[in-house]
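S.K.: Okay, here's the structure, questions in a sec.
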Amino acid sequence: MIGLIIGCVLLMAEPGGDLDAEAHIRRALQAEASGDLAERDRHLARALEENPAHPKARALLGLLADRGEWVRPEEVGRRDRQDGATAAALAEYNARRARMSNTFAAHWNLADWCERRGLKAEAIAHFTAATRLRPESEAPWKRLGYVRVGRRWMTPEQRAEQRAEEQAQAQADRRWWPRLVTWRHRLDDAASRPEALRSLDEVRDPRAVPMVWTVFGQGPPRDQAVAVRVLDHIDAPLAARALARLAVVGTIETIQEAAADRLEGRDPRAYLGLLIGWLQAPVPYRVLRPVEGPGLPGILEFDTPRAIIRRLYD
């Protein structure tokens, strides 16, 4: 037992022993006193491994606490100078903004001025205002980091999400199209019809809805009845909208009634606007401004008997 205790004491005394942060700091001070700076830095690094927030170890490494971080003294000075420059730039910005007019050119020029002086948030605000005043101008969109996709502007992240969604749906379409077409043909044969119906009843994938509509939803009453049956098993807003379409444009009344019945229990927000739009009498309208991008909705003008109404859409 005595030998074991002595062995442990000797192990703790070795440079590589299992020391706590304070012990490593003591070793670091001893190394510094003897002029061994490499050994000092090694023990300080070990102390920070034991306790990353140890203030004494950070201070011995020549670091200062500033804004929740440990940084070199020269970095503190740089930040202070930057803060002074930023404060001066903000003061000048506020004066310029107070004098500016609400025009595309004024917002563009002030946005460019802000960007060159490191006022990023202010630059974004004025570039965005410029896109609202002249949505057809490409320059402010590009300075905001948007890319043009068709008639819309998107961030690279939004475009990537759109492409991923399009690719996922295209893969699903390629997967579901041959299956649905095969099952549709088998419905014509009395022997294979029960198995085909069982397969159709097992469809639950929301991404199958577009091909269900293509294969069954636009055909004769027999096909539309199958579409209602399949869509009834798919719990998704797109399936609800497809049922709503059949409730209005079904080729015969029984199809319309069956589709309407299947809408019970579904979230009406998924299809109610679609139904109202179909059931109302057509209202003359014109597009005053198309959708140009996120945060820039289009404008429709409706000419109703009582008033001319403008509505935003995206």
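S.K.: Which of Phe104, Phe127 comes first, and how do the rest follow, when ranked by fewest Cβ neighbours within 10 Å? Mind dumping the intermediate values first?
M.R.: Details: Phe104 15, Phe127 24.
Fewest to most other Cβ atoms nearby, the residues stand as Phe104, Phe127.
S.K.: Could you give each residue of segment 191-196 its phi-based ³J(HN,Hα) in whole Hz, using Karplus coefficients 6.51, -1.76, 1.60 with θ = phi - 60°, and x for Gly or Pro?
M.R.: Once θ is set to phi - 60°, the couplings for segment 191-196 become 6, 9, 4, x, 5, 5 Hz.
S.K.: Considering only the other residues whose Cβ falls under 15 Å of the Cβ of Val147, what net charge follows from Lys and Arg at +1 and Asp and Glu at -1? Don't skip to the end; give the middle numbers.
M.R.: Details: positive: Lys142, Arg143, Arg148, Arg151, Arg152, Arg159, Arg163; negative: Glu138, Glu157, Glu161, Glu292.
Once all neighbours under 15 Å are counted, the net charge is +3.
S.K.: Given R₀ = 25 Å, what would the calculated FRET efficiency be for Arg148 paired with Ile124, taking r from the Cβ atoms and rounding to 0.05? Before the final figure, lay out the partial values.
M.R.: Numbers: r = 19 Å, r/R0 = 0.74.
The calculated FRET efficiency here is 0.85.
S.K.: Order by neighbour count: Glu253, Glu161, fewest other Cβ atoms within 10 Å first, most last. Don't jump to the answer; show the numbers that get you there.
M.R.: Values: Glu253 9, Glu161 12.
The order, fewest Cβ neighbours first, is Glu253, Glu161.
S.K.: Once you have a ≥ b ≥ c as the square roots of the Cα gyration tensor eigenvalues for segment 88-145, tell me rounded if a/c is under 1.5, and otherwise prolate or oblate according to whether a/b is larger than b/c. Intermediate values should be presented prior to the final figure.
M.R.: Values: a/c = 2.76, a/b = 1.45, b/c = 1.90.
Taking the square roots of the gyration eigenvalues as a ≥ b ≥ c, segment 88-145 is oblate.
Taken together, the values in this text are just the output of simple stated rules run on the coordinates, not laboratory data. Worth saying up front: this structure is predicted, and the values here are computed from it rather than measured. Please note: Cβ atoms are built from the backbone with ideal geometry, for glycine as well, and neighbour counts cover all protein chains shown.
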